[in-house]
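**Student:** There's a structure below that I have some questions on.
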Amino acid sequence: MRYHALSDVRVVDLTHFIAGPYATKLLADMGADVVKVEPPWGDGGRKLGPHRAGDKDRGALFAFLNLNKRGVTLNLKHDRGRELLAGLLDGADLLIENFAPGTLAALGLAPAGLIAKFPRLSIVSISNFGQDGPERDGKLNDLVLFARGGWTFPVGERDREPLTPPGSLAQYVGALYGAVAATQALAARDLGLGHGQHIDVSILEATVATMIYETVTFQYTGMLRSRQGKRFAVGPFLIVTLKCKDGYAGLHCVTDKQFEGLCDLMGRRELASDPRFNTALNRMLNSDALLEIVEAFFIGRERNWLYREGQRRAIPLVPIPSVAEVLEWEQTRARNYFETIDDPVLGTIRVPGTPFRLTSHRGEASRPAPQLGEHNREIFGGRLGLSDSAIGALAKAGTI
Amino acid sequence: MKTVFDGKVRVLDISMGWAGPLAGQMFAEMGAEVIKVEDTHHFDWWRGSLSMAPPEMQPIERSAVFNTANRGKRGVTLDLASPRGIEILKRLVKLSDILVENFSPGVMDRLGLGYESVSAINPRLIMISMPSFGSDGPERNARGYGNTVEAMAGVTGLTGYHDGSGQRYTLSNALGDPIGGLHGVFALMVAMRERQRTGRGQLIELAQVESLIPFVADGILEYQFTGKVPAARGNRHREHSPHGIYRCAGDDNWIALACETDDQWRSLACALGLERLAADQRFAGASARKANEDALDAELSRAIAQLNADDCVARLHEAGVLAAPVNPAPAVMGDPQLRSREYFVAIDRAVVGTHLYPGAVARIPDTPLRADAPAPMLGEHNRQVFAGLLGMTDDEIAELERSGVIGSSPRQYRAES
């Protein structure tokens, strides 16, 4: 869905792969005018899987991450390419990029120079390690980022290797901080400063910021959380994924009331006053014994029965769904959460909707992600006033 | 130096846990005045349980997570079950730009604080509600917290070892919470900007699960193309190999490494003295390595188990391979890159003393974010806010304390309910 809350914001989008494109997607979903600038050979993210059988050139993730943007191509190594970029930056509010640090400067597009030339422009740079520091130029991916940032060490079986989070979550976390930073730059410019700034967002720092359990709790308690298998941690709570008859269920039992509800669910109300379990502290001290009782109960029940009966007792207990079940979940269906996109290459796909809803106005249907250079004529002709023959010459020269 | 909001924006934060409080905390970083409202009975559950230590130890002031997620806020108490408490809250609503809440659906209406009511008091108010699964739909009343939201978004179902042994695991940080909170900040910033143009506030509805599902979009799309539920990949990658976590010498020491090109693979083999593997046909080319990944992992595991983790990472970095130690907390705090950028900030907080906390992420040079102010004690700023902002007299405040509408100690020493 596409709102128009940010319809007065112009964004030049030099991002690629995931972290940058999700940041600019958030802005585009809110109505910002996002022009995605790719090299003539395309954003490497166009090829990321998953793919529809037989089509390797348009990955489905690209089709999702670039909804609601318009796309042009520019070779920034060409003088004329940089001139056209300057044309796009004239009047823009934001330039967002996630190149390796130093790349813009090497192209003769150093952020300080751009801001001097376009004082209302802010630049948001999203990178693995940030724009300075001894390892600024190091390489990272999600596996390595999460290991380094502390997410991985406490997950998995005690006697096995720690387990990394699935997918590319770190890229999305970095993207989110980048999108927030973009709005912060706009607010600072409009409410006081009057001019733009160059903002530095490190994905490593974003992962550490979202992992406060490890760093802060360790200092407070001196205790290190180790891998606890099915348990989130051993503490004054029972947060655990439990095997049941037909899959797994997730239980989040923290308060006395939730624990009383759990005892009732298991038909063991006497456990609530059992001296081993009658306070949060005692439940922590006797965590193994408690887990054994709960496990034995869950293994004989079905996920949806546990969900229904648990929730009836106000216990946060859920059936752990597959992504297929998330897509078909009656709750996401009732709320029309997933959006159906008619992609020009992939055909009909269902994609996650906006992450929140504005109620000030109705959103419109999303526009599909651009094909490579799809809006060259519209942007270079319409916005920059180039003639058809000039655009043709640029294409011939490999600039667009 | 000035902050983004320079004290000109006021946020009323009546949320608990992490998602809502994180949104409030990030506004405090931007220089907004953030007033955190708690109830002496039902104080923020992230403060923990009163049963954890005797009263004189002030256990609810010793929560690492509460003290992180509420930095820079002013803390007041109000009994929201009493008409007086609600009346005072409404006076604060009138003076605020933003109201953050993450109660279960329906609670705000029951308190007389539904959007219609607060908007009638202050049409410029932007209110964000952050229910776990949405304010409508058949499952709106289901209870969820960070981990259960993570599960319902499909993340937990994808988290397991590649060999199918073991089970499904919840991640280490209740992912639904910070992701809901961060999207909440973004949503509020968007609504602030829209208000600049329209002059009107609005209600934002953020179903936490819906803000996390986009993070597993690739799995959701893969299922649509293949008709099959994607398997948990563990530490492995869809295409690249090696891509995993390997044990090093010592007790519970591990490194993560990944090769994304053939060149990296050859460099890795040479860096670890495994030249014979670089020449091994089973591992020549990405698809061969992927097809023989179990054998490859076995070879690497044997070699790496003998090595010191830091030495091994240093060698791999020199060889241009992606690598890092699997850091427990103290190593994260000591990370050379984070230290060089002075990422962590020291804060002296009453009751617990000085510790390092994660700093603000975005580096905004002329209007820097401020993450270095402590979280409030329960009711710490009652006088400052009720006298300073609402103009109450000392007598009025004393009377509110006597009648239990406000307070600065938990009302009863009993386990949290």
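Every number here is computed from the coordinates shown, using simple stated rules; none is lab data. Note that the coordinates shown come from a computational prediction; the quantities given were computed from them, not determined experimentally. Quick reminder, even Gly has a Cβ in these numbers, built from the backbone with ideal geometry, and neighbours come from all protein chains shown.
**Student:** Report the FRET efficiency, 1/(1 + (r/R0)^6), for A:R367 and B:N141, where r is their Cβ-Cβ distance and R0 is 41 Å, rounded to 0.05.
**Tutor:** 0.70
**Student:** Show me the helices of chain A, taken as full DSSP H stretches, that run 20 Å or more along their long axis by Cα and average 0.5 or above in Kyte-Doolittle hydropathy.
**Tutor:** Both cut-offs are met by A:169-188.
**Student:** Using 1/(1 + (r/R0)^6) with R0 = 60 angstrom and r between the beta carbons of B:A295 and B:R411, what's the FRET efficiency to the nearest 0.05?
**Tutor:** 0.40
**Student:** Percent antiparallel among DSSP beta bridges with both residues in chain A, to the nearest 5? It would help to have the intermediate numbers written out before the result.
**Tutor:** Values: 18 of 38 bridges.
Antiparallel: roughly 45 percent of the beta bridges in chain A.
**Student:** How big is the gap, in Å, between the Cα center of region B:352-401 and the Cα center of region A:120-140?
**Tutor:** Value for the Cα centre distance between the two parts: 32 Å.
**Student:** Just going by the charge dipole of the protein assembly as shown, with Lys and Arg at +1 and Asp and Glu at -1 on Cβ, which of B:A305, B:S241, B:N141 is farthest out on the positive end?
**Tutor:** Looking along the dipole axis, the top candidate is B:N141.
**Student:** Put a dot 7 Å past each Cα toward the Cβ at A:D264 and B:H317; how far apart are the dots in nm?
**Tutor:** Rounded to a tenth, the inter-label distance reads 5.5 nm.
**Student:** Would you check chain A for Lys pairs whose C-alpha atoms are within less than 13 Å, ignoring same-chain pairs closer than 8 in sequence, and give me the count?
**Tutor:** Pairs that pass both the separation and distance tests number 5.
**Student:** Which residue, A:L76, A:P50, A:L89, has the largest displacement toward the positive end of the dipole of region A:29-106 when charges sit on each Cβ (Lys, Arg +1; Asp, Glu -1)?
**Tutor:** Of the listed residues, the answer is A:P50.
**Student:** Within the P(r) computed for the protein assembly as shown, what percentage of the Cα pairs occupies the region above 40 Å?
**Tutor:** Pairs farther apart than 40 Å: 34 percent.
**Student:** Next up: Which whole number gives the average, over all residues in B:345-356, of C-beta atoms from other chains lying within 10 Å of the residue C-beta?
**Tutor:** Across B:345-356, the average partner-chain Cβ count within 10 Å equals 1.
**Student:** Looking at A:I315, A:L61, A:N98, which one has the Cα that reaches farthest to the positive end of the dipole of the protein assembly as shown (charges on Cβ: Lys, Arg +1; Asp, Glu -1)?
**Tutor:** A:L61
**Student:** So if I take the alpha carbon set of chain A, get Rg, then get Rh from the Kirkwood formula, what is the Rg over Rh ratio?
**Tutor:** Using only Cα positions, Rg/Rh for chain A is 1.05.
**Student:** Past the 18 angstrom mark, what percentage of all C-alpha to C-alpha distances in region B:179-230 do you count?
**Tutor:** Across region B:179-230, Cα pairs with separations above 18 Å total 51 percent.
**Student:** If you average the alpha carbon positions of region B:10-68 and of region B:203-257, how far apart do those two centres end up, in angstrom?
**Tutor:** 31 Å
**Student:** For the ranges B:353-366, B:17-30, what's the packing order if you count other beta-carbon atoms within 10 Å of each residue, average per peptide, and put the highest first?
**Tutor:** For the peptides B:353-366, B:17-30, the packing ranking is B:17-30, B:353-366.
**Student:** For a Förster distance of 30 Å, can you work out the FRET efficiency between the beta-carbons of B:S104 and A:N282, rounded to the nearest 0.05?
**Tutor:** Working: r = 28 Å, r/R0 = 0.93.
About 0.60, to the nearest 0.05.
**Student:** Right, here's the next one. Highest mean first, how do B:398-405, B:197-204 rank when packing is the count of other Cβ atoms within 10 Å averaged over residues? Don't skip to the answer; put the middle values down first.
**Tutor:** On the way: B:398-405: 15.5, B:197-204: 17.2.
Put in order of decreasing packing, that is B:197-204, B:398-405.
**Student:** If each of A:T348 and B:R282 carries a label point 7 Å out from its Cα toward its Cβ, how far apart are those two points in nm?
**Tutor:** For A:T348 paired with B:R282, the spin-label model returns 4.7 nm.
**Student:** State the percent of C-alpha pairs, over all pairs in region A:37-112, separated by a distance greater than 17 angstrom.
**Tutor:** Cα-Cα pairs in region A:37-112 separated by more than 17 Å: 54 percent.
**Student:** With helices defined as uninterrupted DSSP H runs, which ones in chain B have an alpha carbon span along their own long axis of at least 18 Å and mean Kyte-Doolittle hydropathy of at least -0.5?
**Tutor:** Those that pass (Cα extent of 18 Å or more, hydropathy at least -0.5) are B:176-198.
**Student:** Could you give me D for region B:254-325, from Stokes-Einstein at 25 °C and 0.890 mPa s, where the hydrodynamic radius is the Kirkwood radius over C-alpha pairs? Units µm² s⁻¹, please.
**Tutor:** This corresponds to a translational diffusion coefficient of 203 µm²/s.
**Student:** Å³ per residue of the Cα convex hull, for region A:238-320?
**Tutor:** Residue-normalised Cα hull volume stands at 70 Å³.
**Student:** Separate question: Restricting to lysines 8 or more places apart or on different chains, can you count the pairs in chain B with Cα atoms under 18 Å from each other?
**Tutor:** So the count of such lysine pairs works out to 7.
**Student:** What is the average number of partner chain Cβ atoms found within 10 Å of a Cβ in A:233-241?
**Tutor:** 3
**Student:** Given +1 on the Cβ of Lys and Arg, -1 on the Cβ of Asp and Glu, and no further charges, what dipole in debye does region B:254-325 carry about its Cα centre, rounded to the nearest 20?
**Tutor:** Details: 7 positive and 12 negative charges, 28 e Å.
That gives a dipole near 140 debye.
**Student:** To continue, here is another question. Quote the charge dipole size of chain A about the Cα centre in Debye, to the nearest 20; the model charges only the Cβ of Lys and Arg (+1) and of Asp and Glu (-1).
**Tutor:** About 360 debye.
**Student:** Could you state the number of Å between the C-alpha centres of region B:134-172 and region A:164-193?
**Tutor:** Spelled out, the Cα-based centre of one part sits 25 Å from the other.
**Student:** Okay, next question. Starting from the Cα coordinates of chain B, work out the convex hull volume and express it per residue in Å³.
**Tutor:** Output value, Cα hull per residue: 186 Å³.
**Student:** Then there is this: Would you work out the charge dipole size for region A:2-141 about its Cα centre, treating the Cβ of every Lys and Arg as +1 and the Cβ of every Asp and Glu as -1, and quote it to the nearest 20 debye?
**Tutor:** Numbers: 18 positive and 16 negative charges, 78 e Å.
Approximately 380 debye in magnitude.
**Student:** I want to check the label-to-label distance for A:A110 and B:A373. Put each point 7 Å from Cα in the C-beta direction and report it in nm to one decimal.
**Tutor:** So the two model labels end up 3.6 nm from each other.
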